[in-house]
Structure formats: structure tokens, C-alpha cells
Amino acid sequence: MAGRDNEMSRVNKNKDNPKASKGSKSGSKKKKKGRGKRIAWALFFTAVIAIFCALAGYLFILVSGEKLLEQNKDKLTAYGTSKVYDRQGNLMGELSIQKSDPVDYEDIPEQLVNAFIATEDRRFWEHNGVDIWSIGRAAVKDIMARSMVEGGSTITQQLAKNIFLTRDKTFFRKATEMSIALALERKHSKEEIIEMYLNRINFGGPYYGIKAASERYFGKSDLNELDLWEMATLAAMPKGPSRYNPLKNPELSKERRAVVLTLMEQQGYITAEEAEKAKKVDYDYTPPERKQKYTAFIDYVMDEAEEKWGLTEDDLNIGGYQIYTTMDANAQQAMEEEFNNPANFEESPDEEIVQGSMVIINQENGGIVAISGGREYMRGGFNRATDSRRQPGSALKPIVSYAPALESGNFTKDSRLSNKKQCFGDYCPNNLHGYSETISMPEAIQRSENIPAVWLLNQIGVKTGVEFAKSLGIQMTEADANLSLALGGMNSGTNTFEMAQAFSAFANGGELKEAFAIKEIRDNKGKVVHENKGSKGKRVMSESTASQMTEMMERVVQDGTGRNARISRPVAGKTGTTQSGYEGISSNRDVWFVGYTPELTAAVWMGYDKPNKQHLLKRSSSMSAALWGKIMEKAVQSYEPKNFPSTEPAPPVVETPKLEPVSGLTGSYDGANQTVYLSWNGVQGSGIQYRIYRRETSESEFTRILDAVNSTSTDDMSAMEGLTYEYYVTAYDPATDQESERSNVLQIAAVSELPPEDLEPDPGDIEDVIPPDEGDAGDGIDNPSGEDNGSGQDNGNGQGNGNGQGNGNGQGNGNGNGNGNGNGQGNGQGNGQDNGSTNPPVDGGQDGGSGSDAGDGTGGEDSGTIEGTTDSGNVTTVPGTIVEPEVPATESEPNQVSP
């Protein structure tokens, strides 16, 4: 309670004493004020230190700038020229510099100087090397972009950059650049600075200095001969030497020239009338030809380095880089050789030649194998493969009509398409090869019919076709979204680079790999600074769609409009032709062939740079297909041959009925002809053949002796007398390559029948006849009295019906034991001689012999043949063979005699 009373009393005191409360609040404010002062002093001292450091740094920069200027004022290249290598690591060439003699300030036209100052540094005559206003403007843009995007450099700073040792865009480099610029201003006059600047800056490609640029782009070595529009063109280039190159990009150069002329007008250097007149001039100068190798590819490499990694032409020319590319020297050389051959191009009526371009891409990784920017192409020139845009004609049909239709799932390559003459609203296309109610998709592509392609695009929707083309890398505009797109009707067109990249998706099973030329860039110390391992690829269509398109476009090359593109490898592709556009003139503006093998994809375009009624092509796309074939035949030799994947589903496995084995094999040996005759029962089926196998009893294996026997019997004429053979037969079906199991095995002894006179026994060999027991006579009575009645009865199966009587001294001696196993001899002195041979019956009791009474007539049926029925497994004993009996004699048969 006491604690609570004290607390309450304190509360009451505060209430009763408001002054004390106010004093407490005042103390709190003083404490806060003290902390604020400390923070302010800390910030002040921090700022002082920062300013001191900045001044110290500034002084250091000034001193270092003077030193750097002295060390590098005569240097244009710090690390030497950059080197470019092909895909095998072989040196392609160096980015050499084309530098002319320096021009004195007095020899430079005043308006030329004004053009550069108006464009690059309007306060040039006023600042001391660094323009604070320009730097502030650049700093604001850099902060907003969170990177170095605005240079803010004066002409003096740009000159300083050209003699500085690094090519990196960093704040330190910028500060050092400023220090050199200030040093330059202290050492040189403004006139000397502008003179050095114009003699040292890059004007695109390997060209450095204003005089070299004037000679390159206008053929004028005297700068005083330059017209105003030409001066403005040159003054437009430092902002982007490649982008605003008049040879390479004449339209962009003209646009930038207009900006320069407007700035000159605004700053009072020229009148509005002079500016307008100079803006309208078209650039049409063609430099003299210079023989160089791989120029188009090297130019593309430099463009890619700047676009992907920010390395300018100036950086590459003097940076000492090692650039490893995807170029295949064999393909590039083949391309340049054929483009230099006038026979591959249509002859022009005047000096303006028929131009062309080509790009080859490895579809598996996107690597660019070869590029041609045109005939008589020169370094830094107009690259038609990448910078030109022309109508592709029917070559666009697979991209905007057929492939997206297959991909929609509503059509297959077996679908029937409308091919009747018709209009689609106000658009009425025509066919070149007639009309029909419907047509198959493969035939429509092969014959390049127009109506099926337009009808199909109308069915799937124009937007679907446009989006599919965009996914393959074809640049599209809103104006392209109409049905004429199915026939290649584009607002601005496309080029061989885009078309080759798009078709590479068909060749790569529906996966698109972004095309690239640079694999790796190393700096002057050999360190890898940029690397491109190729894109992972983007699935733009199913494998089924890609394979169906490949199969249909193969027909274009085999039997369609692209027959001239046939080479030693499988080829699929599509031709394209755009008509003149002039009524009554059937010539063409552009001809294309875009195709691929299983290894490489390529696109070829031909046409005039500026087509008109006098400059049109008389021939069609067969010309571009022929050029494609000539170059690709050589290009593919560096790659292992492959085939396109099969578009047909694997056929279901069908069980082939098993062939029945041959049965009923029989045969005999003909001693006179020394031939074994074989026959058997045939096997059902068409085209069945038979194979004969044989083994001599001393051999361990059977050997096939006859093939392709078409009948059910045959002869073996190679059997040798006195040997015993075994045979079997198999059936063979050539359609299924199937052979049956073996037949029964047949054994044949190649032994001839002896003549009857040779069978007369030696009297000394005649054994005494043992009369059989009466109980054993059974059915095998052999007339033991041996008496021959002349009737020929020999108690065998044979009947002796000779004319002579078997009387006289001869005795019919039978040696029977009741089982018919006797060997009776019919011996007589008369005309008849009984030569009987009794065969042993198998089951006993029955005399199996058939005697022959050799009287004046023929004795019965038996002519010396022993007929046995003993079964030895699956071996059949043929009549006429002598085989040892396999059933052994038993004690109950003691009198059995071997034959």
C-alpha cells in the first residue's frame, strides 16, 4: 500500500506542478538536438574527406593523363590486329586496317569540319576537353538505365579513347579518358585536335581516317571534291560505323545523314534549302573490286560481336582478339568459287549484274557454315544475306501454310485440299498447272500450286500462319497478315539468313537452334572473354510435323520444281519465285531455293538489287536450285552421310507361318547312269523352293548340294559307285527367307545289280541242305525234295513257267528251316536253270524270296532283287540296296544265313 501511495503522490505532484513537467520535456529536446549536431558534423567531415579524395583523385588523373598521353600519343593500335579462325581452328584472316596518309587541317573543307562538330560535339570550340553539361546528361541516362549507356564524350575524349590502352566501358576508363582529353587540350590547339580526330577515327570495317573513308565510299581522295550530302554521310558514321555504312546499309545511312543535315541547319551551318536537297540524294556508288577471301563471313562475325557482346569494329580491329568461328573453309570456298562463276547467273543486259546471296547452317547446333553476301562482295559491303529483304514467293508456303496446318492437328499429309478455282473475298489467286476439285498435300507442294496453300491458310487462320513464321525467326509486320502471305506476299520481305534458319527447324526434327558464327573470343592475353556453346534449342513443331514436311519436300526435289537441286545426298526443299509485278511482263523479280540435307540447311536467292522493267529475270527458280546443288554437293563432303528419319510408322510385327517340313522322301540308285533319283511330297505355298542335303556315311556333317529346286524331284549325278549316302530335303521360302525343318533321312547305297551269269555260285560253295524239323515247316515249305516238276513251282512267290522241263540230274535243293530262310538252288542239266534267291522275311514263317526259273522263259517276278522291310529309325532302305540286318539272330534261329 505504501508503494502505491508514493506512486499516486508522484502523479499528483506532477499534476499540481506543471512547470516541472515542462522542464522535463525541455531536457529531452536538448538531448535530441545534441544528437542531430553530431550527425551533421559526421556528414560534414565525410563530405570534406570525399571532396579531398575526389580532388586528390582528380589531381592524380591529371598527372596520369599527361603521362598516358606521352606514352600513347603515337599509338593507334595497342594490341595489334584481331585474328579470325574457322571451326577447325585454322586461321581465316586478320582484321587488317586500311589507313591513308593523314590530311592537314588546311586541306579539310570547312563544311566537313562543321558537319562533325554539329553532330558529335556542338560545344567543341568552347569547352576545354570535357563538356560538363554533356557529362551531366549522360550521367542521368546512365543512372536511369543502371548501366553505361550514354557516352557524353566530346571530340577530344573520342580522340583520347583511340589512344587509350583498354577497350572496356568502365567509370575508371571514363575518368582516364577525361584526363587524357584535358591533357590534349593543354598541349594542342582545337584545329590540331580536330585534325587528329578525323585522321584517326574508324569509318567502318578496316577503314581509318577521313581520307580513307572518302576514297572507300565515294572514290575521292581530294576532300574538297566532296558534296554536302557526302560530307554529311561521313559525319553520320562515327555514331555507328557499321550500322550507318552507306555500302552496307544505304537506307539507314540516308536516315542518319538527314539527322546530320538537320543539326547543321539548326546550328546555322547550312540553309534549310541546302539541307533538303542533300537529304534527297540516293547513294549509288560501287567501289572497285578487291579480291579477298571470307569477307562476307568476317563481316558477319564483326556484326555479331557488336550485337551480342558490345565489341565495336574499332575494338575488334585494334584489340588483338582471337575469334574462333563456326565457318567451314571447304563450304565457304565452294560458295565463293561458284558465286564468282558468271555461268551460274543469268546474263544482264547492261553493267548491273544479277546478284545473289546464300547462307549454310548446321541445323544440329545452329552454327553458320558459310555466307555469301553477293557477287563481287567486298569487305564492309552490302551483305544481301542479312541486310537485304526480298519477297520469298512459294518458298514461304511450308512456313505459313503447310507446317502450321499439320501442327494444328486438323490436317495430315494425307489430307485432301481444295484445288478448284475460287476467290477468298476480294483475293483471287491462280494456279499455274490447272485446277481440280481436290489435291493431296504432297502433290500440292510438289507442283507448287497456289490455291491449296491459300485455302489452307484460310482454314487455319492467317494469325496462326504469322505466329508460326515468327516462331521460326521470320520477321513479320502487321501488313503481312493477309492471305497473300501464303504465296510469299510480304510487306518488306525476308532474306537467305532468315529462310535458312527457319528451314533448319524442319531438318532438325522440329527444334530450332539460333544461328550463330562466333564460338569463342579470347583477349590479347589468351583469356576467354566471350563464349557461345550454342543455344539449347526451342521446340517449334512436333517431330511428326517436321518429318511429314521433309517427306513432302523431298518429292519437290525428286520429281517437282526443285529437281536441279538433286545431289548425292538426300535433299528436301522448296522453290520460290516472285513475278515481275508489271502487266504483260512474265519475267521474275526474285528466284529462291531453300533446302536441306540430313547434315546442312541452305538458302539461295537471285535477283537484281534494283529490279525494274529492264532488270528482271527471264529464268525461274530452277536457276537458284542448280546453284544450290553445285555448292552443297561440295559442302557436304566434310560431313558423314546420313539419312532423313523415316516418316512412316514401323509396320506391326506379323508372325510368318512356319513352313511345314518336307515329307515322303524316297529315291533309288541307277547304276547304268550312276545317278541317285530323289522325290518327295511338296509343301504348300507360292514360290517355294527346295534344298537338298547329303552326307556320305564316313562324313560327320551334311552338306547342301542343291539349291533353288523348284520341283518335287531331282537327280544327284555326283554320287560315286560303291559308297553309301544319306539324304534329306528342306523347303525354302525366298519371300520370308525361311527354311523348314529337315525331312526324313533317306539312305541309299550306290551299288549296281550284277548280271545273272555272275551270280552262278561255285559248286564248292554249295552247302549241304539241312532238312528242317517238320514242326518248323509252317507256312514256309520249300519242297525239300527239291524236285522240279517243270511247272516252275519253287514254293516262293515266283512262278517258273518256262517251256523246258526241269528234269534230268538237277535237284531242287532247298535249305529251309520253316522261316523261309533257305537258300535253294535249282540246278539241272536240262534247258532250265532255277536261280532262286530266297529273301529272309521279317516276321518269319513266310518265304519272302521270289525265285526265278531261268528256263527258256523268264522266271517269275524276281530278278535278283532282295526286298527287305527292316526299319532302321528314320532311314528308309531303298530297293536295290544291301543293308546289314539290324535284328540279331537268336538261339531259336540257328540256321539263319547272311546273304
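The values are calculated or read from the model by the stated rules, or taken from the named source; none is laboratory data. Since the structure is predicted, the reported quantities are computational estimates derived from the model, not experimental observations. Backbone-built Cβ (ideal geometry, glycine too); neighbour counts: all protein chains shown. Heavy atoms of the whole protein, side chains included, go into the accessibility calculation; ligands, DNA and RNA do not. Shrake-Rupley method; radii C 1.70, N 1.55, O 1.52, S 1.80 Å.
Here are some notes:
- Qualifying residue in the stretch 487-496 (condition: in contact with a helix residue (DSSP H, G or I) (Cβ under 6 Å, 6 or more places away or on another chain), touching a residue at least 40 places away in the same chain (Cβ under 8 Å) and of a type outside the set (Asp, Glu)): yes
- The sole residue among ALA370, ALA331, ALA385 that is touching a helix residue (DSSP H, G or I) at 6+ places or on another chain (Cβ under 6 Å), part of a strand (DSSP E or B), small (Gly, Ala, Ser) and within 30 Å of ASP523 (Cα to Cα) is ALA370.
- Of residues in the stretch 725-743 being open to solvent by less than 40 Å² (accessible area, probe 1.4 Å) and more than 46 Å from the chain's Cα centre (by Cα), the one farthest from SER663 (Cα to Cα): TYR725
- Scope the stretch 412-460; condition closer than 16 Å to GLY488 by Cα and of a type in the set (Gly, Ala, Ser); matching residues: ALA444, SER448, ALA453
- Matching residues in the stretch 684-711 - criterion: being part of a loop (DSSP other than H, G, I, E, B) and open to solvent by 60 Å² or more (accessible area, probe 1.4 Å): GLN684, SER686, THR697, SER698, GLU699, SER700, GLU701, ASN710
- Segments classed as helices (runs of 4 or more DSSP H), wholly inside the stretch 401-501, with at least 3 members that are in contact with a Pro (Cβ under 7 Å, 6 or more places away or on another chain) and over 23 Å from SER621 (Cα atoms): 462-471
- Within the stretch 397-421, residues that are in the same structural domain as GLU437 (by the TED database) sit with their Cβ atoms under 6 Å from residues that are assigned to a loop (DSSP other than H, G, I, E, B) and of a type in the set (Gly, Ala, Ser), at 6+ positions apart or across chains, in these pairs: ASN419/SER436.
- Within the stretch 301-323, the set of residues being part of a strand (DSSP E or B) and surrounded by fewer than 23 Cβ atoms within 10 Å (Cβ to Cβ) comprises just one member, GLN322.
- Note on the stretch 727-737: residues that are touching a Ser or Thr at 6+ places or on another chain (Cβ under 7 Å) and part of a strand (DSSP E or B) amount to 4.
- Qualifying positions in the stretch 427-456 - within 27 Å of the chain's Cα centre (by Cα) and open to solvent by less than 10 Å² (accessible area, probe 1.4 Å): MET441, ALA444, ILE445, ALA453
- Check on THR312, hydroxyl-bearing (Ser, Thr, Tyr), over 27 Å from the mean Cα position of the chain (by Cα) and not assigned by the TED database to the domain that holds ASN532: no
- Among residues of the stretch 184-208 that are outside the structural domain of TYR300 (by the TED database), those with a beta-carbon under 6 Å from a residue that is of a type in the set (Lys, Arg) at least six positions away or on a different chain give the pairs GLY205/ARG379; TYR207/ARG216; TYR208/LYS99.
- Criterion (aromatic (Phe, Trp, Tyr) and within 20 Å of TYR208 (Cα to Cα)) met by exactly one of TYR324, TYR294, TYR283, TYR300: TYR300
- Taking the criterion of being β-branched (Val, Ile, Thr), surrounded by 21 or more Cβ atoms within 10 Å (Cβ to Cβ) and over 18 Å from SER624 (Cβ atoms), the only residue of the stretch 387-426 that qualifies is VAL400.
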